[in-house]
């Protein structure tokens with residue numbers, strides 16, 4: 001999600017950096033034999049990828065919504081929505097790529 005006052009490009013760059021860093025950390029853990037911890041870190045890395053397909057996190061055009069803690073109830077309700085088939089397919093592809101990055105660096 002986008003912070004109040006943050007532009008979409010800054011949000012996307014921050015998310016990409018977070019995903020890359022978490023994936024790298026997961027790969028490092030995997031390489032040193034810490035599989036369970038690597039999978040936890042991988043889960044952290046893929047969470048934003050999944051959020052990108054969530055109606056609670058993006059608008060109808062796929063742009064991130066601005067996070068407003070006072071709208072938590074509406075956010076929870078929106079989380080019950082489902083991504084489209086195309087969004088699910090893209091999300092699955094990205095998750096599989098990240099998994100491969102971790103287990104086969």
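A compact table of results
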quantity: Residue list for region 39-72, restricted to those being part of a loop (DSSP other than H, G, I, E, B), within 14 Å of the chain's Cα centre (by Cα) and surrounded by fewer than 15 Cβ atoms within 10 Å (Cβ to Cβ); calculated: 62, 63
quantity: Test: residue in region 91-103 that is exposed (fewer than 13 other Cβ atoms within 10 Å of the Cβ), touching a residue at least 60 places away in the same chain (Cβ under 8 Å), over 15 Å from the mean Cα position of the chain (by Cα) and closer than 21 Å to residue 12 by Cβ; calculated: no
quantity: Every residue from region 10-38 that is under 11 Å from residue 102 (Cα atoms), surrounded by 15 or more Cβ atoms within 10 Å (Cβ to Cβ) and touching a residue at least 24 places away in the same chain (Cβ under 8 Å); calculated: 23, 26, 27, 30, 38
quantity: Positions within region 73-89 being assigned to a helix (DSSP H, G or I), under 16 Å from the mean Cα position of the chain (by Cα) and touching a residue at least 24 places away in the same chain (Cβ under 8 Å), in sequence order; calculated: 87, 88
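Throughout, read-outs are computed from the coordinates displayed, never taken from laboratory work. Bear in mind that the values here come from a model prediction, so they are computed numbers and not experimental data. Here the Cβ is made from the backbone with ideal geometry for all residues, glycine too, and neighbour counts use every protein chain on show.
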